[in-house]
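In what follows, a single structure is set out as structure tokens and then discussed.
Taken together, the values in this text are just the output of simple stated rules run on the coordinates, not laboratory data. Quantities reported herein were computed from a predicted structural model and do not represent experimental measurements. Cβ coordinates were reconstructed from backbone atoms using ideal geometry, including for glycine residues, and neighbour counts include every protein chain displayed.
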Amino acid sequence: MKMAFRWYGEGNDSVTLHQIKQIPGVKTIVWALHNMLAGEEWPMEKILEVKRQVDPYGFNIDVVESVNVHEDIKLGLPSRDKYIENYKRTIEKLAKVGVKVICYNFMPVFDWIRTDLFKEHGDGSTSLFYEKSKVDDIDPMELVNRIANNRDYTMPGWEPERLENLTKLFDAYRDVSVEDLFNNLQYFLEAIIPVCEENDIKMAIHPDDPPWPIFGLPRIITNQENIRRVLKLVNSPYNGITLCSGALGANPNNDIVDMVREFADRIPFAHVRNVKVYENGDFIETSHRSQDGTVDMVGIMKAYHESGFNGYIRPDHGRHIWDEKCRPGYGLYDRALGIMYLLGIWDSLEQ
Ligand code: DNO
């Protein structure tokens, strides 16, 4: 198991490499070029700039999260081929600096969705929260109009400057079914996995968060059966998953311990975090500790250990504690506590 920490880059993250260096056990920085648009080929000079920043601290840059997939690829439009070519060139360049894993997702339009980024826990800490009925009750077009008229917005991902694009995208996805999305993913994987094999880079798809369709948009990386299907789309060790216990854990029917056991040799990268799910389907992100949420964190770590897991692992979203000002979910303190918890479990299993 190789412990990693996500870092958003110099000038773009409240957490510094100097601070990360003091967290026990971290060897890998999980990084990305966050100002690249989906579909663009990453310039070598910018990739090398990150390497130059990270090298003096003795970390490796083995994991990239994410190289984002252009919507035309997810939609299966003819223009997808040029974006797939760019993706291949980016894979080749990342291999040159030693990258081993690319985490990506195939969620239409939105990445993770929450209704509140700073929900209070009652002890002075806050964290990301999802109110199910609030999302279920939204008619996306009505919300687009409301935002356009008031220039106010209620959820991340719905910023006014994204509106024009959002309207077009909702239209474009109107006729895209779950089956279409699987087919479009297959087309993408068939094109890039040979390049990954040549360059020794594993693709690791991130589950949809939350793991169910939202705003009428299809979502496919939601449960064990669908993950099994994705892994078979191209049956290569280079076609893998980022098993995210928090994303999948928002649906209590997902047995994540069982998924770790079944998919172990196809998990190059693990996100391990906890979430507390309420009866009405709402969920809140908690500390990493098993007792604080619904996800069996100890069981998950045991399953990784028993499977001889040798991939990269990172704590995921933390709470905002000790008055830290940071990116939502990506502060230093609670993620560092999370690492110590995960390492504590792991070390005791090594006895
Ligand atoms: C959330 C992250 C996701 C993940 C992307 C991968 O905090 O886990 O945003 O990075 O879905 O493409």
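One chain, two ends: GLU179 and ARG146. Fully extended at 0.36 nm per residue, the span grows by 8.7 nm beyond their Cα-Cα distance. Ordered by the count of other Cβ atoms within 10 Å of each Cβ, fewest first, ILE113, ILE201 give ILE113, ILE201. Taking the Cα centre of the chain as origin and assigning +1 to Lys and Arg Cβ atoms and -1 to Asp and Glu Cβ atoms, the resulting dipole is close to 780 debye. Look at PHE309, PHE269 and count the other Cβ atoms within 10 Å of each Cβ; fewest to most, that gives PHE309, PHE269.
Note on segment 204-351: with charges restricted to the Cβ of Lys and Arg (+1) and Asp and Glu (-1), its dipole about the Cα centre is near 380 debye.
Geometric descriptor of the chain, per residue, is 136 Å³ (volume of the convex hull of the Cα atoms).
In this rough spin-label picture, where each label sits 7 Å from Cα along the Cβ direction, the TYR278-LEU77 distance is 3.9 nm. Within straight-line reach of LYS21, meaning a Cα separation under 22 Å, sit the following lysines at least 8 residues removed in sequence or on another chain: LYS2, LYS51, LYS100, LYS325.
Divide the volume of the convex hull around the Cα atoms of segment 179-224 by the residue count and you get 83 Å³ per residue.
The simple Förster model, with R0 at 25 Å and r as the Cβ-Cβ distance, assigns GLU10 and LYS325 a FRET efficiency of 0.90.
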